[in-house]
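This report refers to the structure that appears directly beneath it.
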Amino acid sequence: MTFLKNVLEPPSYGWRDTNGELTKPTQNQIFKEFFSRLNIFKDKKNWLSFTSWMLVACLAPFFVLFVFKYLTITHLIIAFCYSMIVMGSHGTVWHHRYCTHSAYKFRNKFWRFFTQNLTLRIIPEEIYAVSHHVHHALSDQPGDPYNANGGFLYCFLADVNHQPINRNMSEKDYARCVTLMDHVGITPNTYAQYQKFGTICNPGRTMLAIVLNWGFWFTAFFLIGGFPLACTMFAAAGFWAVGVRTFNYEGHGKGKDKRRDGVDHNREDMSINQIWPGFVAGEWHNNHHLFPNSARSGFKAYQVDTAWYYIKFMSMIGAVSSYRDSKKQFFAEYVNAPVAVAKVIAVPEESILIVD
């Protein structure tokens, strides 16, 4: 726990106030921190945060062209499916259940590479995975990088303000941080390179992977449907890239207790199961917080889990060698668990011995 409390770079306004409570920065403080951490001229260690939002900026022109030039009913349906279902489910499959929680294992490196590049690469694995370990360890507590109690902007801009790894780790702690990413297939920086760049991933290799990924998908979409389709798909990816940053604020009740009896069984934090993220991306968040290492989080009959369907299919064809499925444990512990009933034993009056 001590390691996870210190593995992320603290914001200038800190995680906790003098009383140990969550620091709730003003909007001005949040924006000031955001732009400061995007400034690569001030500090080149800001390169990964800058890259994350630079990719969003690169997708913005495609979104404008889509809205004002290529918007048709057909393209709108395609954009909806790619953004909400394909990108959403892939984020759950890759970033969430594999990169962070190792909920399943690939048969070999090919299938890992295949899954990693099923969609446009937008969110760097390092920013997501390391901080998400902290989120689970400190959920809704000070130090949670996207604590909904901090407000919408606190969560929305968290990938820059709160999620990058600590830039002042010892060599021992850095090695421990690298182990959180060992299975992802990213060649980590040496400790000397980490001290220079402030990250686990290397700038050159990261940018090359993104360029190749984007180039492949733009070419594929263009060959299928010309520039209008390519523009539609890239616009949809941009819409998802912005929208996904709102999820944790919504998924933890916007800082309020919105848990429902019989629906949200985890009572250790404010996570809730939501129909929309569940149906389109397999993200039943309260279930996930109960069993974070499960490859399935849609446990009940109505809880559609597209991410789980992909993992199960990959297992059936031999691409996934093993996975964890906590459905039986969920039903045993939270649905079918026997209810304790207090037994009252009546004692007949005539059996009571009264001594004068």
Residues SER89, SER102: which one is of a type outside the set (A, V, I, L, M), assigned to a loop (DSSP other than H, G, I, E, B) and closer than 28 Å to CYS201 by Cα? SER102
Being among the charged types (D, E, K, R), free of Cβ contacts under 8 Å to residues at least 12 places away in the same chain and over 18 Å from THR2 (Cβ atoms): is that true of ASP182 here? yes
In segment 78-103, which residues are hydroxyl-bearing (Ser, Thr, Tyr) and either within 26 Å of ALA230 (Cβ to Cβ) or surrounded by 24 or more Cβ atoms within 10 Å (Cβ to Cβ) (or both)? TYR82, SER83, SER89, THR92, TYR98
Any chance segment 16-30 includes a residue that's acidic (Asp, Glu), under 25 Å from the mean Cα position of the chain (by Cα) and surrounded by fewer than 18 Cβ atoms within 10 Å (Cβ to Cβ)? yes
Could you please give the count of residues in segment 304-314 that are of a type outside the set (Lys, Arg) and surrounded by fewer than 18 Cβ atoms within 10 Å (Cβ to Cβ)? 3
Considering only residues of segment 267-297 that are under 18 Å from SER89 (Cβ atoms) and of a type in the set (S, T, N, Q), which is surrounded by the fewest Cβ atoms within 10 Å (Cβ to Cβ)? GLN274
The one condition in (1) surrounded by fewer than 15 Cβ atoms within 10 Å (Cβ to Cβ); (2) closer than 30 Å to ASN108 by Cα; (3) of a type in the set (Phe, Trp, Tyr) that PHE331 fails to fulfil: (2)
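Condition check ((1) surrounded by fewer than 21 Cβ atoms within 10 Å (Cβ to Cβ); (2) of a type in the set (S, T, N, Q); (3) closer than 29 Å to SER271 by Cα) across all residues:
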residue	(1), (2), (3)
LYS109	yes, no, no
LEU120	no, no, yes
PRO142	yes, no, yes
PRO145	no, no, yes
PHE152	yes, no, yes
LYS172	yes, no, no
Which numbered condition in (1) basic (Lys, Arg); (2) at pLDDT 95 or above; (3) part of a helix (DSSP H, G or I) is the only one that LYS258 fails? (3)
Residue pairs qualifying under the 8 Å Cβ cut-off, at least six apart or on distinct chains, with the first in segment 318-332 being touching a residue at least 40 places away in the same chain (Cβ under 8 Å) and closer than 17 Å to GLN303 by Cβ and the second being polar (S, T, N, Q) and in a helix (DSSP H, G or I), are PHE330/ASN287
Out of curiosity, is ALA79 among the small types (Gly, Ala, Ser) and closer than 28 Å to VAL320 by Cβ? no
If a residue must be free of Cβ contacts under 8 Å to residues at least 40 places away in the same chain, in contact with a helix residue (DSSP H, G or I) (Cβ under 9 Å, 6 or more places away or on another chain) and charged (D, E, K, R), how many such residues does segment 149-179 contain? 1
Where TRP94 falls short, out of the listed (1) modelled with pLDDT of 95 or more; (2) more than 29 Å from SER294 (Cα to Cα): (2)
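The values are calculated or read from the model by the stated rules, or taken from the named source; none is laboratory data. Treat the numbers as computed from the prediction; the structure is a model and nothing was measured. Quick reminder, even Gly has a Cβ in these numbers, built from the backbone with ideal geometry, and neighbours come from all protein chains shown.
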